[in-house]
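First up is the structure itself, then whatever we jot down about it.
The values are calculated or read from the model by the stated rules, or taken from the named source; none is laboratory data. Just so you know, these numbers come straight off a predicted model, no measurement behind them. Ideal geometry is used to build each Cβ from the backbone, glycine not excepted, and the neighbour counts take in all protein chains shown. SASA here: full protein model, heavy atoms, side chains in, ligands and nucleic acids out. Shrake-Rupley method; radii C 1.70, N 1.55, O 1.52, S 1.80 Å.
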Amino acid sequence: IEILDNHELAPPEKNTSIMATVTTTEATFDADDHSHRRFNPLMDEWVLVSPHRMKRPWNGQVEPPFDFASIPQHDPKNPLCPGATRSNGVTNDVYESTFVFDNDFPSLNDVNPTPTDKDTKHNVFMRISEARGSCKVMCFHPHTNVTLPLMKEEEIRSVIDEWATQVLDLGKKFTWVQVFENKGQAMGCSNPHPHCQIWASSYLPNVASKKHQTQLKYYQEHGSPMLVDYVAMEQKEAVRTVVENGSWIAVVPFWALWPYETLVMPKRHVLRFNDLTPDERNGLANIMKRLTSKYDNLFQTSFPYSMGWHGAPTGAYLEQDCQHWQLHAIFYPPLLRSATVKKFMVGYEMHAEAQRDLTAEQACAKLKGLPEVHYTQAK
């Protein structure tokens with residue numbers, strides 16, 4: 001057996017024709033059918049894509065189907081409803097639009113004592129740092145039986161305006177303001193009333209810190225913001241765009257992890273919520289209604305997800321150059337095969353590397369082909 005320059009073993013002369021046959025019949029790589037990895041430049045990590053796994057049968061856990069009819073428009077015992085009394089004895093305003101209040105059980109507050117040097121420098125293995133902040137709950141609408149796709153665009157615009165107000169106000173004091181919505185029991189939401197949470201912190205959380213670093217590095221190397229360039233590329237390729245309008249685009253990112261994950265970005269360079277123009281806020285309301293309607297229409301259910309907004313840091317960062325940042329939202333929906341079968345982040349995902357079953361392009365094709373009128377309102 002001869003050793004070749006590329007370190008492969010050459011077969012005996014009599015087997016050359018056999019090897020030639022094997023070589024010519026070898027399958028050609030197809031990203032829609034073969035395992036491969038994709039790089040996420042925002043998080044500086046890889047995602048394993050295994051599209052062939054969608055062919056396997058499923059005998060695991062299923063989620064109970066969602067029943068819109070079971071949710072009342074108003075429940076006086078629901079602590080998020082207008083006029084309801086919460087567990088701390090405070091009565092909500094009889095609100096008609098958005099409503100914001102301090103979380104009754106906050107994960108962060110601004111009255112904690114400061115750790116001493118002895119606390120923070122205990123040893124190399126046990127480190128502590130200060131964590132101050134503010135946690136708020138924001139109701140989108142006075143009715144419990146509506147969600148973003150069932151709201152009018154002008155009602156969603158009111159939500160966007162309140163997001164901008166909260167980020168601006170909290171950002172004067174805190175380094176990071178995280179707006180996020182957990183929708184549906186599958187994502188751990190215990191109350192069906194349409195709402196989100198807003199946590200402000202005195203520090204940059206892990207994900208924000210990573211994105212701050214990756215976007216800054218890209219900006220220093222290329223002279224332009226990463227996500228501004230990415231929007232231009234997605235518009236050119238036009239294979240992962242779910243919905244778009246004059247000012248916004250929603251794509252299944254090339255590096256998506258969750259089955260029907262989407263990334264929502266303005267087409268203009270925008271650092272923070274309060275930088276959005278009135279027209280851009282209207283455009284965002286339009287995009288969010290269309291995108292979330294498609295989500296619900298996919299499996300004809302109230303589609304669960306965790307959605308969060310990331311923009312340039314605030315607090316002391318307001319005085320710093322943050323041109324490398326671009327405002328964006330991420331939707332992480334868990335449903336994979338149907339309204340009752342969701343993806344679990346366990347095993348390999350927890351111990352080795354993130355993994356998804358269908359490609360971003362396949363997920364986009366399914367979402368893009370769906371109607372934008374909500375299935376409960378279709379004639």
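Observations, loosely collected:
- Residues (of a type in the set (Gly, Ala, Ser) and buried (at least 22 other Cβ atoms within 10 Å of the Cβ)) located in region 294-327: Ser302, Gly311, Ala312
- All positions within region 158-177 that are closer than 22 Å to Ala316 by Cα, surrounded by 20 or more Cβ atoms within 10 Å (Cβ to Cβ) and not aliphatic (A, V, I, L, M): Trp163, Gln166, Gly171, Phe174, Thr175, Trp176
- Test: residue in region 276-283 that is buried (at least 21 other Cβ atoms within 10 Å of the Cβ) and within 18 Å of the chain's Cα centre (by Cα): no
- Residues that are modelled with pLDDT of 95 or more and in a loop (DSSP other than H, G, I, E, B), drawn from region 38-72: Pro41, Leu42, Met43, Asp44
- Some residue of region 341-358 being over 30 Å from Asn145 (Cα atoms), part of a loop (DSSP other than H, G, I, E, B), among the β-branched types (Val, Ile, Thr) and open to solvent by 10 Å² or more (accessible area, probe 1.4 Å): yes
- On the stretch given as region 85-99, residues that are open to solvent by less than 40 Å² (accessible area, probe 1.4 Å) and over 31 Å from the mean Cα position of the chain (by Cα) total 0.
- Of the candidates Asp110, Asp117, Asp102, the single residue that is open to solvent by 70 Å² or more (accessible area, probe 1.4 Å) and touching a strand residue (DSSP E or B) at 6+ places or on another chain (Cβ under 7 Å) is Asp102.
- Single residue of region 190-238 satisfying the filter (more than 28 Å from Asp102 (Cα to Cα), assigned to a helix (DSSP H, G or I) and of a type in the set (A, V, I, L, M)) that is most open to solvent (accessible area, probe 1.4 Å): Met233
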